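Just below is one structure, and these are the notes that go with it.
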Amino acid sequence: MKKGLFITFEGADGCGKTTQMKLLADYLKSQGFEVVLTREPGGKGLGEKVREILLNYEGEVSDRCESFLFLADRAQNIDIIVNPAVEAGKIVLCDRHIDSTVAYQGYGRGLDLDRIKMLNSLATNGKKPDLTIVFDIDVETSMKRVGSEKDRMESAGIEFHNKVRNGYLEIAKEEPERIKVVDACKTIEEVFEDVKKLADNYLFTKNIH
Ligand code: TYD
C-alpha cells in the first residue's frame with residue numbers, strides 16, 4: 001500500500017508559506033504524487049464558517065474562546081479532510097496546524113503552553129504532522145508584506161507578533177526531527193529551493209515514491 005504523508009506549513013502572517021505550499025503541491029504532482037491542500041482555520045465546508053468568525057467577528061472574543069474555535073476547526077479538518085486522504089496514500093499539505101495554536105494562543109496570547117498542547121492532542125486524536133516547515137521572518141518585513149488591510153489576528157500588534165515568532169523558534173528547538181525552519185526573507189525562488197530540499201530529503205529517507 002502507498003504511504004500517505006501529512007506536511008504542515010507554519011509561520012507569521014505574511015511569511016509567504018501559502019505561496020510555498022502551492023509551489024510544493026505543483027512540484028509533488030509533477031513527481032506523480034496525489035496531493036490534497038487544506039488550511040486552518042477553514043478547510044472545506046464547516047471550517048469555512050469557523051474561519052469567518054475567527055477572522056472577521058467584530059465583537060469581543062475571549063482568548064480561551066478563540067483557542068477553542070481554532071481547535072474545533074482543527075478536529076473537523078483532521079477527521080474529514082486530512083486523515084481520509086493520508087489513509088488513501090495521498091500527500092496532504094496543510095496551511096497552519098497545531099503549532100499555530102502554540103505560537104499564537106500560547107506564546108502570543110500567553111495561555112498555558114502545556115494545556116494548549118494537551119488540547120491540540122485532543123483535537124487531533126494525538127496525530128502529529130510527519131513534517132512541519134516553519135517560515136521564519138522578522139516582524140517588520142512580514143507586516144510590510146501583509147499591508148494595511150489587516151484581519152483581526154494581523155491587527156494584534158508588533159509585540160504580539162514578536163512573541164509569536166519567538167514561539168515558533170522555541171517549538172522548532174523542542175522537536176527538531178519534525179520541525180524545520182527556513183529563512184523566509186529570501187526570494188520566493190530561493191525559499192522554494194530550501195522547501196524542495198526538505199521535502200525531497202524526507203521522501204528519500206522514508207523511502208516514499
Ligand atoms: P490566515 O488568513 O489564514 O493567515 P495566513 O495566510 O497568514 O495563514 O489567518 C489565520 C490567522 O489565524 C493567522 O493570523 C494565524 C491565526 N491562527 C491562530 O491564532 N491560531 C491557530 O491555531 C491558527 C490555525 C491560526
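The values are calculated or read from the model by the stated rules, or taken from the named source; none is laboratory data. Here the structure is a predicted model, which is why all the values come from computation and not from measurement. Positions of Cβ are backbone-derived with ideal geometry, glycine not excepted, and every protein chain shown enters the neighbour counts. In case anyone asks, the SASA skips ligands and DNA or RNA and just uses the protein heavy atoms, side chains included. Shrake-Rupley method; radii C 1.70, N 1.55, O 1.52, S 1.80 Å.
If each residue of separation counts as 0.36 nm, what is the full-extension length gain between GLU159 and GLU174 once their alpha-carbon separation is subtracted?
On the way: separation 15, 0.36 × 15 = 5.40 nm, distance 2.28 nm.
Value of the extension gain: 3.1 nm.
Please calculate the 1.4 Å probe accessible area of THR18, with all protein chains present, and give it to the nearest 10 Å².
That residue has around 50 Å² of solvent-accessible surface.
Report the relative contact order of the range 5-205, percent, no decimals, based on alpha-carbon pairs under 8 angstrom and at least 6 residues apart.
After rounding, I find 32 percent.
Around MET153, which amide H atoms from residues at least 5 apart in sequence, or from another chain, sit under 5 Å from its own amide H, with H modelled in the peptide plane?
It is none; the list stays empty.
Residues in the range 1-28, backbone N under 16 Å from the label point at GLU149 (7 Å along the Cα-to-beta-carbon vector): list them, ranges by number please.
Once the point is set 7 Å along Cα→Cβ of GLU149, 14 turn out to lie under 16 Å by backbone N, inside the range 1-28.
Calculate the length of the line joining the C-alpha centroid of the range 176-196 to that of the range 1-71, in whole Å.
Going from one Cα centre to the other spans 18 Å.
From a point 7 Å beyond the Cα of ALA72 in the direction of its Cβ, which residues of the range 35-54 have a backbone N at a distance under 12 Å?
46-54
With a 10 Å cut-off between alpha carbons and a GNM built on the chain, which of LYS144, LYS127, LYS22 moves the most?
With Cα springs under 10 Å in the chain, the top fluctuation among LYS144, LYS127, LYS22 is at LYS144.
Compute, for LYS117, the solvent-accessible surface of its heavy atoms (probe 1.4 Å) with the complete set of protein chains present, and express it in square angstrom to the nearest 10.
Here the residue's solvent-accessible area equals roughly 70 Å².
Which one of CYS94, CYS65, CYS15 has the biggest mean-square fluctuation once the chain is modelled by GNM with Cα springs under 10 Å?
CYS65
With the chain treated as a Gaussian network of Cα nodes joined by springs under 10 Å, which of THR132, THR38, THR141 yields the largest mean-square fluctuation?
THR141
Using a 1.4 angstrom probe on heavy atoms only, work out the carbon and sulfur share of the accessible area of the chain in %. Intermediate results must be reported in sequence, preceding the final value.
On the way: 5520 of 10710 Å².
Ligands and nucleic acids excluded, carbon and sulfur reach 52 percent.
Relative to the longest principal axis of the C-alpha atoms of the chain, give the angle of the C-alpha long axis of helix 158-174, reported between 0 and 90° and rounded to the nearest 10°.
Once rounded, one gets 40 degrees.
For ASP112 and ASN201 in the same chain, what is the full-extension length gain: residue separation times 0.36 nm, less their Cα-Cα distance, in nm?
28.6 nm
Given labels modelled 7 Å from the Cα in the Cβ direction, how far is it in nm from ILE208 to THR141?
Label-label distance for ILE208 and THR141, simple model: 2.8 nm.
Sorted from largest down, what three extents in whole angstroms do the Cα atoms of the chain have along their principal axes?
Projected onto the principal axes, the Cα atoms of the chain cover 48, 35, 30 Å.
If I take the Cα coordinates of the range 86-131 and project them onto the principal axes, what are the three extents in Å, biggest first?
38, 19, 13
May I ask which residue of MET118, VAL92, GLY42 lies farthest towards the positive end of the charge dipole of the chain, with charges of +1 (Lys, Arg) and -1 (Asp, Glu) on Cβ and the Cα centre as origin?
The residue sitting most towards the positive pole is VAL92.
With everything on Cα atoms, drop me the angle between helix 17-30 and the longest principal axis of the chain, reported from 0 to 90° to the nearest 10.
The angle comes out at about 10 degrees.
Using the Cα centre as the reference, give the magnitude of the dipole from point charges on the C-beta atoms of the chain (Lys, Arg: +1; Asp, Glu: -1; all else neutral), rounded to the nearest 20 debye.
620
Which residue, chosen from LEU28, ASN77, VAL61, occupies the Cα position most advanced towards the positive end of the dipole of the chain, where the dipole is computed from +1 (Lys, Arg) and -1 (Asp, Glu) charges on Cβ about the Cα centre?
LEU28
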